[in-house]
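**Q** Structure provided below as C-alpha cells; questions to follow.
The values are calculated or read from the model by the stated rules, or taken from the named source; none is laboratory data. The structure presented is a predicted model; accordingly, all values stated were derived computationally and were not measured. Reconstructed Cβ throughout: ideal geometry from the backbone, glycine too, with neighbour counts over all protein chains shown. For accessibility, only protein heavy atoms count, side chains too; no ligands or nucleic acids. Shrake-Rupley method; radii C 1.70, N 1.55, O 1.52, S 1.80 Å.
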Amino acid sequence: MNRVTKRTWLMSLFILVLLGGMLLFLWEYFTQAQNWVVFSGSPHIYNSANIGCGTILDRSGEVLLDLTESRTYSSDATTRKSTLHWLGDRKGYVNAGAISHYAAEMAGFNLVDGVYDATGTGGTASLTLSATVQNAALEALGGSKGTIAVYNYKTGEILCAVTSPTYDPDNVPDIENDESGAYEGVYLNRFIQSAYVPGSIFKIVTTAAALDCVPDIEERTFTCYGKLEYGTEAVTCEKAHGTQTLKAAFANSCNCAFAQIAELIGKQNMVKSVEKFAVTQSLTFDGLTTGEGNYDVSDTAPVSFAWSCIGQYNDLVNPARYMTFVGTIAAGGAGVEPYLVSQISSGEEVSYEAKPTETGRILSEEVAAKVRQYMRNNVQSVYGDWNFPGLSVCAKSGTSQLGGGQKSNAMFAGFVENEEYPLAFIVVVENGGYGSHTCVPILSKVLAACKTVLDGE
C-alpha cells in the first residue's frame, strides 16, 4: 500500500512538473515568440543585418525597395542615393534601423501562421518620406556634406531627412580606396547620429529662456560696440549694432547683445531652460535613438558662459532633436515627435499604424507665440520672404565656428506658419560658411518641393 501511495505521489509530481513546463513554454511562446522570430541572425528576416523581406513605399506609393525576390531598389538613381540611409545597402554598411525595428510586422508574423503571411512575400511598409522631396534636398545640397530634414509638426510625419555624402547602392563607388575625402562619413546617418556646434540657431533657445525668465526683457535695450570685453577675453560681433531691443538683437544675431542677455538669464536658469526644452537630450522614434547634444557650463568663466548662450563654447545639438524643438515652438509649446514608418500591412491586414507621440509642454503658449513672432520677423526683415513664395516662414540662421582653421558650418532652423503647410525644418551644410547665405537657397528649393507634394495629396 505504501509503495502504491509513493508511486502516486511521484506520478503526481511528474504531471505537475510537466504541466508547469508546458505553461512556462506557452507563456514564453506568447510573450517571446516575436523576439525569437526576429533575432538578428534570422535568414528569413534579414539580409546582411538589414530587412530582407517585404516592400517599402514612399508616402505617394512609389516603390523604394522591393525585397520579394531580391534586393531591388528604385529605378531612379537619385532616389536610390537620397533614400540610402533609410533603406540600407546590400552589405549592411548602412543600417536601416527604423525599418528593421518593425521586422515582425514586415515578415507578417503572427502566433497562428508563423513567419510569413499567406502570400509568402512579407509585408508592405509605407514611409512618411517623399522621394520627390528627398531628391530635391539631395540635389540642393550639391555634393556638400550635411543633412536637410523637414517634418509635419502637427502629425509628426517626416517628409524629408537626407544625409550627404551618400552613394548609389546599384553603383557602389570604391569607398575604401577613395583619397578625395568625398565619402568621409558616408555610412553615417547625419540626421540621427551626428551632433553639431549650433552657432546662432542656438539663440532661439536663449531667446526663449530670456522671455521665460526675465520679466521685463522686452523693455530692456542692449548696446553693441562690436566687442564686449571680459578681462583679457571678449565676445565679438561682425560690426557695431548700436542699441537694440531683444527682437532687434535676435534679427541682427548680435553676439554682444546676447552676451548681455545671458547675464540677465544667469547660469542656473539657462541650464534649467536647456533641460526643460530638451534640446540636448536624445530622441527615440521608430526604434532609433538619436545622438545626444551637449550644454555644460559648470565652472565656466563669464566669457565662456556668454559664448555658450550664443551657440558656441562646447554646445552641440543633434539635427533630429533640434528640428523637433523648433517644431514644438511652431505648435505652440507642446508638439509631437517625428516618425518615419506610417503603416505596415500584410495582405489585407494592417499590422502596424503610427500614432503621434506628444512631446509634452516645454514652453508656455505666450513664450512660444513671442518666439514665433521674432522668427517671423527674421525672415521678413533679414532673410527675405521672396525666397519662399506662398509660404510664411519663420527661421534663424547660424554660422558655427569650428576652430582649427576649418570653414564654418552653415545652419538654418525654423518652420512654416501656413495652416496647410505645417512644416518644421533644419538645414546643416558642413563647412558651408555663412548660414543664411548658404542655407536659404537650399531650403527654398526643398520647401517648394514640399509644397508641391502636399498640394497634390
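**Q** Cβ-Cβ under 8 Å, sequence separation 6+ or interchain: first residue in the range 209-233 and within 30 Å of Ala278 (Cβ to Cβ), partner open to solvent by less than 10 Å² (accessible area, probe 1.4 Å) and of a type in the set (Ser, Thr, Tyr). Which pairs?
**A** Ala209/Ser273; Asp212/Ser273; Cys213/Ser273
**Q** Which residue pairs have Cβ atoms closer than 7 Å, lie 6 or more positions apart in sequence or on different chains, and pair a first residue in the range 265-281 that is open to solvent by less than 70 Å² (accessible area, probe 1.4 Å) with a second residue that is in a loop (DSSP other than H, G, I, E, B) and not hydrophobic (A, V, I, L, M, F, W, C)?
**A** Filtered contacts from the range 265-281: Val274/Thr280; Val274/Tyr295; Val279/Gly293; Thr280/Glu292; Thr280/Gly293; Thr280/Tyr295.
**Q** Counting just the residues of the range 178-207 that are in contact with a Ser or Thr (Cβ under 8 Å, 6 or more places away or on another chain) and part of a loop (DSSP other than H, G, I, E, B), which one comes out surrounded by the fewest Cβ atoms within 10 Å (Cβ to Cβ)?
**A** In this case the residue turns out to be Leu188.
**Q** Please go through the range 343-371 and pick out each residue that is open to solvent by less than 30 Å² (accessible area, probe 1.4 Å) and either closer than 15 Å to Val279 by Cβ or part of a loop (DSSP other than H, G, I, E, B) (or both).
**A** Result: Ala354, Ile362, Leu363, Val367, Ala368, Val371.
**Q** Related question: Return the pairs, sorted by first residue and then second, in which the second residue is in a strand (DSSP E or B) and among the charged types (D, E, K, R), the first residue lies in the range 123-148 and is touching a residue at least 60 places away in the same chain (Cβ under 8 Å) and under 19 Å from Val453 (Cβ atoms), the beta carbons are less than 6 Å apart, and the residues are 6+ apart or on different chains.
**A** Close Cβ pairs (under 6 Å, with a partner that is in a strand (DSSP E or B) and among the charged types (D, E, K, R)) amount to Thr128/Glu157.
**Q** Residues being at pLDDT 95 or above and out of contact with any Gly (no Cβ under 8 Å at 6 or more places or on another chain): count how many of those fall in the range 311-328.
**A** 4
**Q** Right, next: Just to be sure, is Glu430 open to solvent by 10 Å² or more (accessible area, probe 1.4 Å), more than 22 Å from Asn152 (Cα to Cα), touching a residue at least 40 places away in the same chain (Cβ under 8 Å) and within 19 Å of the chain's Cα centre (by Cα)? Can you show your working first?
**A** Numbers: open to solvent by 10 Å² or more (accessible area, probe 1.4 Å): yes; more than 22 Å from Asn152 (Cα to Cα): yes; touching a residue at least 40 places away in the same chain (Cβ under 8 Å): yes; within 19 Å of the chain's Cα centre (by Cα): yes.
Answer is yes for this residue.
**Q** Taking the options Phe250, Phe277, Phe305, name whichever one is touching a strand residue (DSSP E or B) at 6+ places or on another chain (Cβ under 9 Å) and modelled with pLDDT of 95 or more.
**A** On the way: Phe277 fails: touching a strand residue (DSSP E or B) at 6+ places or on another chain (Cβ under 9 Å); Phe305 fails: touching a strand residue (DSSP E or B) at 6+ places or on another chain (Cβ under 9 Å).
Result of the check over Phe250, Phe277, Phe305: Phe250.
**Q** Restricting the search to the range 386-409, which residues are free of Cβ contacts under 8 Å to residues at least 60 places away in the same chain, surrounded by 14 or more Cβ atoms within 10 Å (Cβ to Cβ) and not in a loop (DSSP other than H, G, I, E, B)?
**A** Selection gives Asn387, Val393, Ala395.
**Q** When you check Val317 against the structure, is it open to solvent by less than 50 Å² (accessible area, probe 1.4 Å), out of contact with any Ser or Thr (no Cβ under 9 Å at 6 or more places or on another chain) and among the β-branched types (Val, Ile, Thr), yes or no?
**A** On the way: open to solvent by less than 50 Å² (accessible area, probe 1.4 Å): yes; out of contact with any Ser or Thr (no Cβ under 9 Å at 6 or more places or on another chain): no; among the β-branched types (Val, Ile, Thr): yes.
No, not satisfied.
**Q** To continue, here is another question. Within the range 385-408, take every residue that is polar (S, T, N, Q) and within 23 Å of Val371 (Cβ to Cβ) and give me the one that is modelled with the lowest pLDDT. Step through it out loud before you land on a result.
**A** Here is the first cut: in the range 385-408, the residues polar (S, T, N, Q) are 387, 392, 397, 399-401, 406, 408.
Narrowing the set further to residues that are within 23 Å of Val371 (Cβ to Cβ) leaves 387, 392, 397, 399-400.
Numbers: Asn387: 96, Ser392: 97, Ser397: 95, Thr399: 91, Ser400: 84.
Taking the candidates together, the pick is Ser400.
**Q** Right, something else. Give me a count of the residues in the range 88-102 that are modelled with pLDDT of 85 or more and among the small types (Gly, Ala, Ser).
**A** 1
**Q** Related question: Kindly evaluate Asn255 against the criterion of being open to solvent by 40 Å² or more (accessible area, probe 1.4 Å) and more than 18 Å from Asp212 (Cα to Cα). Before the answer, list the steps.
**A** Values: open to solvent by 40 Å² or more (accessible area, probe 1.4 Å): no; more than 18 Å from Asp212 (Cα to Cα): yes.
It is false that Asn255 is open to solvent by 40 Å² or more (accessible area, probe 1.4 Å) and more than 18 Å from Asp212 (Cα to Cα).
**Q** Let me ask something else about it. Being of a type in the set (Phe, Trp, Tyr), open to solvent by less than 60 Å² (accessible area, probe 1.4 Å) and either modelled with pLDDT under 95 or over 23 Å from Leu363 (Cβ atoms) (or both) is true for just one of Tyr225, Tyr230. Which residue is that? Walk me through how you get there before you give the answer.
**A** Details: Tyr225 fails: open to solvent by less than 60 Å² (accessible area, probe 1.4 Å).
Only one candidate qualifies: Tyr230.
**Q** Separate question: Check Val382, Val341 and return the single one that is farther than 28 Å from Leu57 by Cα and not acidic (Asp, Glu).
**A** None of the others qualify; the one that does is Val382.
**Q** Something else: Give the range 398-457 a look and list any residue that's under 14 Å from Val197 (Cβ atoms) and basic (Lys, Arg), or say none.
**A** Lys407
**Q** Could I ask something else about it? Considering Ile158, Ile175, which residue is touching a residue at least 24 places away in the same chain (Cβ under 8 Å) and either touching a Leu at 6+ places or on another chain (Cβ under 8 Å) or open to solvent by 20 Å² or more (accessible area, probe 1.4 Å) (or both)?
**A** One residue alone meets the criteria, Ile158.
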